[in-house]
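*Asks:* I'd like to ask some things about the structure below.
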């Protein structure tokens with residue numbers, strides 16, 4: 001029997017993304033890594049004319065292409081496409097990462113394949129707190145460096161961990177973490193929603 005997915009946080013996702021749109025300093029260009037059937041687009045991005053969206057499911061990708069004719073739509077794994085530099089020329093200022101598990105691999109692929117050349121807002125649905133609740137954070141590859149430094153008891157401090165991981169990634173991308181906020185949500189507070197903004201470092205800034 002398949003485990004039912006927790007969709008109780010959808011309205012919070014909508015609010016997070018509307019908040020980000022309201023903070024942009026330029027026209028929105030969105031990279032959405034997990035488009036689904038486009039529910040967030042209908043509620044949030046319907047007036048955004050430029051963007052790129054991915055989904056592994058062919059039927060969903062077909063639906064997304066009908067829903068947003070001015071966007072680039074890709075059928076496949078966003079992590080693979082992003083690592084290959086797909087959409088780099090769009091210079092997105094929002095990356096929307098909404099998997100059922102970890103958002104970090106897609107973010108890493110995005111940052112590894114392009115420069116942060118303007119303010120980049122990241123809005124993520126992060127499911128890793130489920131693993132931390134079970135005490136198996138050391139099994140999650142992306143968390144291994146943090147576990148080595150801080151130990152395996154990360155459930156209560158996961159937002160601090162997220163901020164630390166984002167600051168580290170920003171530094172590697174010649175940017176800085178300018179804003180961060182987040183909260184725990186969903187059944188048993190096993191999900192984490194977070195918003196971050198990376199700002200490119202000025203030329204010559206250490």
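Table: residues versus (1) crowded, with 18+ Cβ neighbours inside 10 Å; (2) in contact (Cβ under 8 Å) with a residue 40 or more places away in the chain; (3) under 27 Å from residue 81 (Cβ atoms); (4) out of contact with any helix residue (DSSP H, G or I) (no Cβ under 8 Å at 6 or more places or on another chain).
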{"position": "93", "(1), (2), (3), (4)": "yes, yes, yes, yes"}
{"position": "126", "(1), (2), (3), (4)": "yes, yes, yes, no"}
{"position": "145", "(1), (2), (3), (4)": "no, no, yes, yes"}
{"position": "172", "(1), (2), (3), (4)": "no, yes, yes, no"}
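*Asks:* Consider region 84-98. How many of its residues are in contact with a strand residue (DSSP E or B) (Cβ under 7 Å, 6 or more places away or on another chain) and under 17 Å from residue 121 (Cα atoms)?
*Replies:* Selection size over region 84-98: 10.
*Asks:* Follow-up question, since we're still on this one. With the checklist (1) under 21 Å from residue 191 (Cα atoms); (2) crowded, with 18+ Cβ neighbours inside 10 Å; (3) touching a residue at least 40 places away in the same chain (Cβ under 8 Å) in hand, flag the one item residue 35 doesn't pass.
*Replies:* It fails just one condition, (3).
*Asks:* Can you find, within region 49-60, the residue that is surrounded by the fewest Cβ atoms within 10 Å (Cβ to Cβ) among those that are in contact (Cβ under 8 Å) with a residue 24 or more places away in the chain and farther than 21 Å from residue 105 by Cα?
*Replies:* 50
*Asks:* Residues in region 138-154: is at least one within 26 Å of residue 18 (Cα to Cα) and modelled with pLDDT of 85 or more?
*Replies:* No, there is no match, as no residue in region 138-154 is within 26 Å of residue 18 (Cα to Cα) and modelled with pLDDT of 85 or more.
*Asks:* Further, regarding this structure: Does region 86-100 contain at least one residue that is within 27 Å of residue 183 (Cα to Cα), modelled with pLDDT of 95 or more and assigned to a helix (DSSP H, G or I)?
*Replies:* No, region 86-100 has no match at all.
*Asks:* Please determine, by comparing only the residues of region 155-199 that are farther than 21 Å from residue 20 by Cβ and not in a helix (DSSP H, G or I), which one is modelled with the lowest pLDDT.
*Replies:* Per the stated criteria, the residue is 190.
*Asks:* When you go through (1) in contact with a helix residue (DSSP H, G or I) (Cβ under 6 Å, 6 or more places away or on another chain); (2) in a loop (DSSP other than H, G, I, E, B) one by one for residue 202, which number turns out not to apply?
*Replies:* All conditions pass for residue 202, except number (1).
*Asks:* While we're on this one: Of all residues in region 160-170, which are surrounded by 18 or more Cβ atoms within 10 Å (Cβ to Cβ) and under 15 Å from residue 132 (Cα atoms)?
*Replies:* Of everything in region 160-170, those that are surrounded by 18 or more Cβ atoms within 10 Å (Cβ to Cβ) and under 15 Å from residue 132 (Cα atoms) turn out to be 161, 162.
The values are calculated or read from the model by the stated rules, or taken from the named source; none is laboratory data. Remember, predicted model here, so these are calculated numbers, not experimental data. Because the Cβ atoms are built from the backbone with ideal geometry, glycine has one as well, and the counts that use them run over all protein chains shown.
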